């Protein structure tokens with residue numbers, strides 16, 4: 001993946017009478033190499049079970065996953081994109097990624113951040129995905 005910049009995570013605001021009840025608290029997922037080495041293969045395997053409903057290739061091989069950051073506390077942050085900003089699966093795909101990653105043994109929480117910069121291109125696809133879609 002890329003340079004492992006901290007991934008912003010929106011967490012529910014603690015019930016503090018002096019803070020606004022609807023205001024989220026922002027924290028970050030700081031990448032921890034040791035925890036990542038232990039959990040990343042299982043996290044990737046879980047993400048590979050999520051398929052774009054319009055393309056018969058998993059979203060990892062499609063190149064939609066930009067970063068996977070795993071904290072010392074085993075919180076997984078996934079930075080991903082969609083094939084297009086108006087993608088019909090814009091709500092469904094990130095929710096599926098979050099659900100699958102949370103289901104990995106050892107993961108304590110997961111958060112998905114959808115970004116459009118940089119924009120997805122076919123160059124991000126794995127060779128296997130290109131071959132499967134006849135783009136080789």
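The values are calculated or read from the model by the stated rules, or taken from the named source; none is laboratory data. Note that the structure is predicted; figures quoted are calculated from it, not measured. FYI the Cβ positions are ideal-geometry reconstructions off the backbone, even for glycines, and counts take in every protein chain you see.
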So, in segment 102-126, how many residues would count as being surrounded by 14 or more Cβ atoms within 10 Å (Cβ to Cβ) and outside any loop (DSSP other than H, G, I, E, B)? 8
Evaluate the following for residue 82: is it farther than 25 Å from residue 33 by Cα, under 13 Å from the mean Cα position of the chain (by Cα) and part of a loop (DSSP other than H, G, I, E, B)? yes
Which members of segment 64-75 meet the condition of being crowded, with 20+ Cβ neighbours inside 10 Å and over 8 Å from the mean Cα position of the chain (by Cα)? 64, 69, 70, 71, 75
Subset of segment 13-58, residues surrounded by 15 or more Cβ atoms within 10 Å (Cβ to Cβ), assigned to a loop (DSSP other than H, G, I, E, B) and at pLDDT 90 or above, comes to 48, 50, 57
